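This report concerns only the one structure given below.
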Amino acid sequence: MEKWVFYAFLSMFFAGFTSVIAKMGLAGISGELGLTVRTLFVTLFVLGFAAIAVPFDNFLLLNRANFFWLAVSGMTTTLSWVFYYKALKLGDVATVALIDKGSVVVAIVLAWLVLKEVITLRIIIGGTLIMSGLLVMIKKP
């Protein structure tokens, strides 16, 4: 297995835990407050990780384009998290998490349009299955 696939599976595993644990942490408080507290911890953990894992000279490689696109990514992450926590506070974890993972289809389309990544039949079938599963799970019985 390639290293990036292993990392992606670890990400999937921890993201699954994150949703359930976050829902437990929202008991008795607003989604906005929960997100704020969580983000403070994320900030501390990421800064600690960077202090250990990123050689100082790497910081000298940052340029305006890096800052701009990472800032835009930070803004879209913030909006995603705000609405995710609002949905998580009101809905059940399995459905909210699945709808959130519909972002894979958005990423596929944007990667094709913006980054000119190739869309193969395998990717089309996978994206279709994700959207089909999403539609099945959000349908009220």
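Could you tell me whether any residue of region 94-110 is within 18 Å of GLU32 (Cβ to Cβ) and modelled with pLDDT under 95?
yes
Test ALA71 against the stated conditions and say whether it is within 20 Å of VAL93 (Cβ to Cβ) and free of Cβ contacts under 8 Å to residues at least 24 places away in the same chain.
Criteria not met by ALA71.
Of the conditions (1) without any contact (Cβ under 8 Å) to a residue 40 or more places away in the chain; (2) in a helix (DSSP H, G or I); (3) surrounded by 12 or more Cβ atoms within 10 Å (Cβ to Cβ), ASP57 satisfies every one except a single condition; which number is it?
The failed condition is (3).
Filter region 111-141 for residues that are modelled with pLDDT of 90 or more and closer than 23 Å to LYS23 by Cβ and give the result.
ILE130, the sole residue that qualifies.
What pairs come up if the first residue lies in region 35-47 and is closer than 17 Å to PHE83 by Cα, the second is among the aliphatic types (A, V, I, L, M) and surrounded by 12 or more Cβ atoms within 10 Å (Cβ to Cβ), and their beta carbons are under 7 Å apart, counting only those six or more places apart or on different chains?
From region 35-47, the pairs are LEU35/VAL82; ARG38/ALA22.
Tally time: how many residues in region 92-132 are part of a helix (DSSP H, G or I) and of a type in the set (Asp, Glu)?
Qualifying residue count for the region: 1.
Please enumerate the residues belonging to region 21-54 that are of a type in the set (A, V, I, L, M, F, W, C), outside any helix (DSSP H, G or I) and surrounded by 12 or more Cβ atoms within 10 Å (Cβ to Cβ).
LEU26, ILE29
Only one of (1) outside the structural domain of MET12 (by TED's automatic domain parsing); (2) more than 20 Å from the chain's Cα centre (by Cα) is not met by LEU110, so which one is it?
Result: LEU110 passes all but (2).
The values are calculated or read from the model by the stated rules, or taken from the named source; none is laboratory data. This is a predicted model, so every value here is computed, not measured. A quick note on method: Cβ atoms are made from the backbone with ideal geometry, for glycine too, and the neighbour counts reach across all protein chains shown.
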